[in-house]
Amino acid sequence: MSVVYLMRHGAIFQQRPRRFIGQTDFPLAAEGRTQAALWREPLADVPFAAAVSSDLTRCLETAAIVLAGRDIPVRPEPRLREIDLGQWEGLTVEEVKERFPGDYERRGHDLVGCRPRDGEGFGDVQARAVAALRELADIDGNVLVVAHGGVNRTLLCHALGIDLSHLFRLGQDYCRLNVLHLTEEVWRVEAVNCAPVAPWRFPGP
């Protein structure tokens, strides 16, 4: 059994007006680096057997900051990338509505299956993310996993048996932590969207 410490990356710079970023590779903002550093002390006594991260910069940076000073290599995992929003990347909601009439509304009615042009639906995201996490179930110990808000929500829906259409009912704030116990047969959720309070104590396997 492995215990997965599933974290969302820290804050990134928010453009105004807000734009769809999906897999656009933004680094952490100064606030995000501070948020990640706040986890060092709470997780200092957790003996991580492995660390895995989305291969996007904001996640790799978060993992590196959390594990600073520890000899724990971080393995990039492309299957943990945020949702691919295709031709919507970099656009505002109003620009999407103007360029792709009706697509924004269709996606609102079907987050699971509806794909922006050249992009993914959340069903696609869940399939690849679950496959990536399933491979960690054989690790006997604690694993740090840093991914994205959308990805983490799809993993929690899978673990809890929640229909994926309800994914946005699960809070996933920047640099918050979820804890899952993984076996090949059963995933058990122990904590969701936790803030970095020291000392962090959670039973290992």
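Only the coordinates and a few stated rules stand behind these numbers; no lab work does. A quick note: this is a predicted structure, and the numbers were derived from the prediction, not measured. Positions of Cβ are generated from backbone atoms using ideal geometry, with glycine treated the same way; all protein chains shown enter the neighbour counts.
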Checked the stretch 160-187 for anything more than 24 Å from R107 (Cβ to Cβ), touching a residue at least 12 places away in the same chain (Cβ under 8 Å) and more than 13 Å from the chain's Cα centre (by Cα); matches are L180, H181, L182, T183, E184, W187
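Conditions tested, residue by residue: (1) of a type in the set (A, V, I, L, M, F, W, C); (2) within 21 Å of the chain's Cα centre (by Cα); (3) within 25 Å of L156 (Cα to Cα).
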{"position": "R70", "(1), (2), (3)": "no, no, no"}
{"position": "R79", "(1), (2), (3)": "no, yes, yes"}
{"position": "G86", "(1), (2), (3)": "no, yes, yes"}
{"position": "E98", "(1), (2), (3)": "no, no, no"}
{"position": "G102", "(1), (2), (3)": "no, no, no"}
{"position": "H109", "(1), (2), (3)": "no, no, yes"}
{"position": "V112", "(1), (2), (3)": "yes, yes, yes"}
{"position": "D124", "(1), (2), (3)": "no, yes, yes"}
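Under the condition of being touching a Lys or Arg at 6+ places or on another chain (Cβ under 7 Å) and either touching a residue at least 40 places away in the same chain (Cβ under 8 Å) or among the polar types (S, T, N, Q) (or both), which residue from the stretch 66-81 is farthest from G22 (Cα to Cα)?
Here the residue is V66.
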Reported set for the stretch 140-171 where residues are farther than 22 Å from R115 by Cα and surrounded by 18 or more Cβ atoms within 10 Å (Cβ to Cβ) is N142, V143, L144, V145, V146, A159
Scanning the stretch 87-106 residue by residue, those in contact (Cβ under 8 Å) with a residue 60 or more places away in the chain and small (G, A, S) turn out to be G90
